[in-house]
Every structure is written in C-alpha cells, then in structure tokens.
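Since the structure comes first, as structure tokens, the remarks are kept for the end.
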Amino acid sequence: MIVAVVIPVYNEIELLPRLIERLDATPRPVTPGGIQATRLCVVVDDGSTDGTADWMAEHLDGREDALVLYAKQNGGKGTALARGFAAALQAGADVILVQDADLEYDPADHAPALAPILRGDADAVIGSRFIGQTHRVLYYWHSVANRVITTLSNMLSNLNLTDIECGTKAFTARVAREMTIEESRFGVEPEMVAKLAKLRLPPADRSSTEPRPIRIYEVPVSYAGRTYAEGKKIGWRDGVAALRCIAKYNLRRRRGAYKPAPK
C-alpha cells in the first residue's frame, strides 16, 4: 500500500527542511493487518522565489520516497494540490493525505488521520482543530469566521463537521480520482468538502444497484498557527472567497459522480 503525502509549498525555505526532517522521523503508517505502508512525499513547489525550489532540487530530487514537482509561477494552493493529486495517483497511491509545508499541522497526526481509511471505515477524513487537541491561541476573529464558514457549509451540505478549513485531509485513491479540483487558491478547502458531500461511489453490497454516499470521518489534530509576521498567507479575501465557494459548489448540481451501469 502506498500512502502519498501531498505537500503544497510556496516560499517556505525556513520550514520545509524542518517538515521533511520531521516526516523522516515519523513512523510510516501501519495497516490493521500489521503491514507497513510505503510513504511517498509528493512535494509541489508553487513558484517559490525564496530559494525553496533550489533546496528541493538539492535535497529531495533523487530520493526514492519523494516525488518533486515545480512551477514557474505561483498558482495557489488549489493549483498545487491538483498537480500533487494527479502525480500521486499516477504513481499508484492508494491513499492521499494533505500536509501543509508551514508546520502549522504536525506530521505526528498522520497516523490517527489515516486510521479510519486504513481499517476500511472511511473513504475520506477531515481534521478538526476544535475537538480536543492542543492548539496555539491566535486571532479571535479568524476563529469566528471559521465557525461561520463551517456552519454555512454544513447547512448546505448536510454534514456535521466542525472545521472545514482544516488543512489536514485524507482520501482514498478512488475518491481523489472523482474529486476534480477547480479552485486555485484557499477556496479549495470548502470546494473539496462540498464535492465530498455530493460524491457517490459504487454500492458496497453487490445485491444493490444504488450508489452510496462516501463515508467521511472527522479526527482531532493539533494546530500551531502562525501570525502574519511569521508568514501566514491566508487573508480576509480568502474568507470572502470561501463563502462564494460554499455557495457555488454546494448548490451546483452533482456531476462526475458514480452512476450505476445500465441493466
């Protein structure tokens, strides 16, 4: 089994080396049967201008457990994730997990985030910074905006999530193939959640012809958020864009989902 960790990167010359070091020290995922999965780090540079790409070329190119992609211009997190997902699937990944390069999310949380998928209970997992894990205390209005965005998303998707903007998300390969990413920037987070809510997969029971909703689990993750002085990139415009994406992708008619073969 191959677990691909997709890492979108933009101007993180200080933190990317620390992230890779921490990933190397993190045990690889283990299936319920005791089989250790192969971990493939898919690192997507999104047009960095601070030397990040040079560091990647020197330290990651040629590693058997790394797949490195470069972009000449900055396209945004959504663009980087779309490229990373495609590369991971082409490399044969069975599971894809998103890890931001800025270390706001801890690779130590990969095991609990992957567990519901590896034991066959979930098709997708979404992390939450609000259900019991340690987190750095930062901006009050950011937390208010996040809760408003999540509540609106839940109202339209009929899910009961607590943190749709969380960067920790994991998917089976089948789900990742069906979930075409359209948003270029941080609107990709509500876009993915809306598409997960609408996605249908083949029935688990062969006696049934009805496609089934995907199984989504939520797991707690720790969070060490950054200040803007420390390099935080998301801003109020992204919050406004999130509202637009929630309406756009939740109200859009479902397309591209599994349809049972005609009899």
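Nothing in this text is a laboratory measurement; each read-out follows from the coordinates by a stated rule. Just so it is clear, the model here is predicted, and its values are computed rather than measured. Cβ placement follows ideal geometry from the backbone for every residue including glycine, while neighbour counts extend to all protein chains displayed.
Computed values, structure above
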quantity: Shape metrics for the range 1-106, restricted to C-alpha atoms - Rg then Dmax, Å; calculated: 13.2, 44
quantity: Magnitude of the charge dipole, the range 2-251, Cβ model with Lys/Arg +1 and Asp/Glu -1, debye to 20; calculated: 840
quantity: Local electrostatic count at Glu191 - Lys and Arg +1, Asp and Glu -1, tallied over other residues with Cβ under 9 Å; calculated: -1
quantity: For the chain, with +1 on Lys and Arg beta carbons and -1 on Asp and Glu, the positive-most of Ile214, Gln90, Ala124 along the dipole; calculated: Ile214
quantity: Distance between modelled label sites at Ile131 and Val148, nm, 7 Å Cα→Cβ extension; calculated: 2.4
quantity: Longest site-free stretch - the chain; sites: GluC sites (Glu not before Pro), DSSP loop, at most 11 other Cβ within 10 Å; calculated: 65-229
quantity: 20 Å Cα cut-off, lysine pairs counted over the chain (separation 8 or more, or different chains); calculated: 14
quantity: Rounded to whole Hz, the Karplus (6.51, -1.76, 1.60) HN-Hα couplings of the range 58-66, x for glycine and proline; calculated: 7, 10, 10, 4, x, 6, 5, 9, 9
quantity: Chain lengthening between Ala91 and Thr38 when straightened (0.36 nm per residue, less Cα-Cα); calculated: 17.9 nm
quantity: The range 55-96: trypsin sites (Lys or Arg not before Pro) falling in loop per DSSP and having at most 15 other Cβ within 10 Å; calculated: Arg63, Lys72
quantity: Sequence-separation-based contact order of the chain, relative, with Cα cut under 8 Å and 6+ spacing, percent; calculated: 21
quantity: Virtual paramagnetic centre 7 Å along Cα→Cβ of Glu21, amide N under 19 Å, in the range 51-72; calculated: 51-61
quantity: Rounded FRET efficiency, nearest 0.05, which uses the C-beta distance separating Ser184 from Arg119 and R0 of 45 Å; calculated: 0.85
quantity: Modelled FRET efficiency - R0 25 Å, Arg177 with Ala111, Cβ distances, 0.05 increments; calculated: 0.55
quantity: Antiparallel DSSP beta bridges within the range 2-251, as percent of all bridges there, nearest 5; calculated: 30
quantity: Cleavage-rule hits, trypsin sites (Lys or Arg not before Pro), the range 149-225, DSSP coil, Cβ neighbours within 10 Å at most 16; calculated: Arg206
